[in-house]
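A quick write-up on the structure given underneath.
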Amino acid sequence: MPKATVVLDIGKTNAKLALVDAATRASLAIRTTTNEVVTEGLYPHYDVERLWKWILEGLREFAGQADIECISTTTHGAAIAVIDGDDLVMPILDYEFKGPDSVAEAYRPQRGAFWETLSPDLPAGLNVGRQLYWQQQTYPSAFGRAKTILFYPQFWVWRLTGAKVSEPTMLGCHTDLWNPEAGTFSRLAEDRGWAAMVPPRLHPWDTAGTIKAEIAAKTGLSPDCRVVAGIHDSNASLLPHILRRRPPFSVISTGTWMIFFAVGGSIADLDPARDCLANVDAFGRAIPSARFMAGREFSLLTADAKVTPTEAEIARVLEERILALPSFAPGTGPYAFLDGHWSHDPATLSPGERIAAASLYCALVADTCLQLTGAAGPIIIEGPISRNALFLSALTSIVDRPVIARADATGTTEGAALLATGPEGVSPGLPDPEPAAPLAHDVTAYVAAWRDALE
């Protein structure tokens, strides 16, 4: 059987288990499931026990197809597990739950300045610090039993191995707990005592441990199967590029969120009021970043229609200035302070016209994010929106520089699989495909109308 790595990739909407050939990096098998939120109990939280059962089933299935040498975990950000010696003391909170907003006014003076953490003040549970503060204030008895704070990829590492570790990409993902430029915990994390609860830091590719004996017995995996420390999902997408490319360039990782990494961009001009921040890459370096909830907004704008717009539908949207105006995911993105609305009644639009307008909308907000991060050079698009030809062509027309769509559905799998060997094992990779062609239509007037409407 081929030697292989298993990538456990838990996104906000879906979870994926991928079996990746260690030699060729090709995906040999993929299993997916929805990432459900449980609304009963203390507060809305992730159904980790259902996911755990699904993970074990997948590992058992994959063990019959390959010699699995390593497991690599990658997840969305803004998720933490608070544990005592052996178990969760509270469920892992869904970051879209509004409960932490109730302590926002008390928390805000304690969180430190943006220029210390490069983490903006975000709503709900999007700042891990606010999650922890809310849990500590609301459930003091349960929180008082806690001994360890684990970020979400490392929670699964712990379930697989019993090892408790941390790594830089999750620490630096708008948590309020980290000073990216100094490479130290923030004053908030130190003052609240949380820093002492975070386990030792490893590189994402360092081995945290080998799988537990009982898991080896249940799944048929070798008891020598290693589990690496893990990585934030968007940083997994970024990793192959920072190892293969020279700055400046940008990587846009897409899914529920569209995350912008402006490698070689400027931290100095980041605007925290517009959902700009610095992410921390696998080497612990601050990367200018921005984001908006593109996948969620696209779904809302299109009512989940699955059609390809015709040339006539695209032409009508452009000529009649049919505009989707931000923001349809309240409190997030560079236009978080605006209420999303249409210039025309969406009920009068065909599904194709709605998809055309939504694609143009995503391209225009993407251009804003690129400008806010000082991005330059080619733009690499990863994830689901890389298959949207209209979005790619529209963005090319707007930014007037190369926009390169990755052929694979998501770059997180490749980046997370790379952790099995570490940076030294990176290959040159496949050549880039040809950049997207600009739209056949002139978008100048449409872009101007959209920007004027925002004024």
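The values are calculated or read from the model by the stated rules, or taken from the named source; none is laboratory data. This is a predicted model, so every value here is computed, not measured. Every residue, glycine as well, gets a Cβ built from its backbone with ideal geometry; the counts of neighbours run over all protein chains shown.
Phe292 meets the conditions (1) more than 17 Å from Ser119 (Cα to Cα); (2) touching a Phe, Trp or Tyr at 6+ places or on another chain (Cβ under 9 Å); (3) among the aromatic types (Phe, Trp, Tyr) in every case but one. The failed one is (1). When Glu116, Glu96, Glu105 are checked against the criterion of being among the charged types (D, E, K, R), more than 26 Å from the chain's Cα centre (by Cα) and surrounded by fewer than 24 Cβ atoms within 10 Å (Cβ to Cβ), a single residue qualifies: Glu105. With the condition kept exactly as written, say whether any residue in the stretch 155-168 is of a type in the set (Asp, Glu) and over 24 Å from Leu419 (Cβ atoms). No, the stretch 155-168 contains no residue that is of a type in the set (Asp, Glu) and over 24 Å from Leu419 (Cβ atoms). Checking each residue in the stretch 336-363 for being crowded, with 22+ Cβ neighbours inside 10 Å, more than 19 Å from the chain's Cα centre (by Cα) and among the hydrophobic types (A, V, I, L, M, F, W, C) picks out Ile355, Ala356, Ala357, Ala358, Leu360.
Which ranges mark the helices (runs of 4 or more DSSP H) fully within the stretch 342-455 that have 2 or more residues being closer than 21 Å to Phe249 by Cβ and not small (Gly, Ala, Ser)?
Details: elements: 351-372, 389-399, 412-418, 444-454.
Filter on the stretch 342-455 gives 351-372, 389-399, 412-418.
Considered as a group, the residues in the stretch 376-390 that are closer than 18 Å to Ala356 by Cβ and small (Gly, Ala, Ser) include one that is surrounded by the most Cβ atoms within 10 Å (Cβ to Cβ), and that residue is Ser386. For beta carbons closer than 7 Å, sequence separation of 6+ or different chains, a first residue in the stretch 241-256 that is closer than 18 Å to Arg285 by Cα and assigned by TED's automatic domain parsing to the domain that holds Asn388 and a second that is small (Gly, Ala, Ser) and assigned to a strand (DSSP E or B), the qualifying pairs are Ser250/Ala262.
Screening Ala182 with (1) out of contact with any Cys (no Cβ under 6 Å at 6 or more places or on another chain); (2) of a type in the set (A, V, I, L, M); (3) crowded, with 21+ Cβ neighbours inside 10 Å gives one miss only, at (3). Ala417 passes every criterion in (1) under 15 Å from Ala363 (Cα atoms); (2) in contact (Cβ under 8 Å) with a residue 60 or more places away in the chain apart from (1).
Listed conditions (1) touching a Ser or Thr at 6+ places or on another chain (Cβ under 8 Å); (2) assigned by TED's automatic domain parsing to the domain that holds Ile71; (3) in a loop (DSSP other than H, G, I, E, B); (4) not β-branched (Val, Ile, Thr) are all met by Gly209, apart from (3). Does the stretch 222-231 contain any residue that is surrounded by 23 or more Cβ atoms within 10 Å (Cβ to Cβ), modelled with pLDDT of 95 or more and under 21 Å from Leu395 (Cβ atoms)? No, every residue in the stretch 222-231 fails to be surrounded by 23 or more Cβ atoms within 10 Å (Cβ to Cβ), modelled with pLDDT of 95 or more and under 21 Å from Leu395 (Cβ atoms). Please work out if Ile385 is modelled with pLDDT of 95 or more and β-branched (Val, Ile, Thr). No, not satisfied. Scan Arg130, Arg145, Arg159 and give me the residue that is surrounded by 24 or more Cβ atoms within 10 Å (Cβ to Cβ) and of a type in the set (D, E, K, R). Exactly one residue qualifies, and that residue is Arg130. Where strands (runs of 3 or more DSSP E) fall wholly inside the stretch 1-116, the ranges with 1 or more residues that are under 27 Å from Gly172 (Cβ atoms), charged (D, E, K, R) and not assigned by TED's automatic domain parsing to the domain that holds Asp269 are 3-10, 14-21. When residues in the stretch 35-58 are screened for being out of contact with any helix residue (DSSP H, G or I) (no Cβ under 6 Å at 6 or more places or on another chain), crowded, with 19+ Cβ neighbours inside 10 Å and under 19 Å from Trp134 (Cα atoms), 2 of them pass. How about the stretch 317-333: which of its residues are in contact (Cβ under 8 Å) with a residue 40 or more places away in the chain and part of a helix (DSSP H, G or I)? Result: Val317, Leu318. For the stretch 150-188, filtered to residues that are aliphatic (A, V, I, L, M) and within 17 Å of Leu126 (Cβ to Cβ), the residue that is farthest from the chain's Cα centre (by Cα) is Leu188.
Report yes if Ala163 is in a loop (DSSP other than H, G, I, E, B) and closer than 23 Å to Ala22 by Cβ, otherwise no. The answer is yes for Ala163. Identify the single condition in (1) in contact with a helix residue (DSSP H, G or I) (Cβ under 6 Å, 6 or more places away or on another chain); (2) farther than 30 Å from Val403 by Cβ that Ile259 does not satisfy, given that it satisfies every other one. All conditions pass for Ile259, except number (2).
Per-residue answers, yes or no, for (1) outside the structural domain of Ala262 (by TED's automatic domain parsing); (2) touching a residue at least 60 places away in the same chain (Cβ under 8 Å); (3) under 30 Å from Met258 (Cα atoms):
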residue: Ile149; (1), (2), (3): yes, yes, yes
residue: Gln154; (1), (2), (3): yes, yes, yes
residue: Arg159; (1), (2), (3): yes, yes, yes
residue: Ala163; (1), (2), (3): yes, yes, no
residue: Glu167; (1), (2), (3): yes, yes, yes
residue: Glu190; (1), (2), (3): yes, no, no
residue: Leu221; (1), (2), (3): yes, yes, no
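Taking the stretch 401-439, which residues are surrounded by fewer than 17 Cβ atoms within 10 Å (Cβ to Cβ), modelled with pLDDT of 95 or more and out of contact with any strand residue (DSSP E or B) (no Cβ under 8 Å at 6 or more places or on another chain)? Answer for the stretch 401-439, where residues must be surrounded by fewer than 17 Cβ atoms within 10 Å (Cβ to Cβ), modelled with pLDDT of 95 or more and out of contact with any strand residue (DSSP E or B) (no Cβ under 8 Å at 6 or more places or on another chain): just Ala437.
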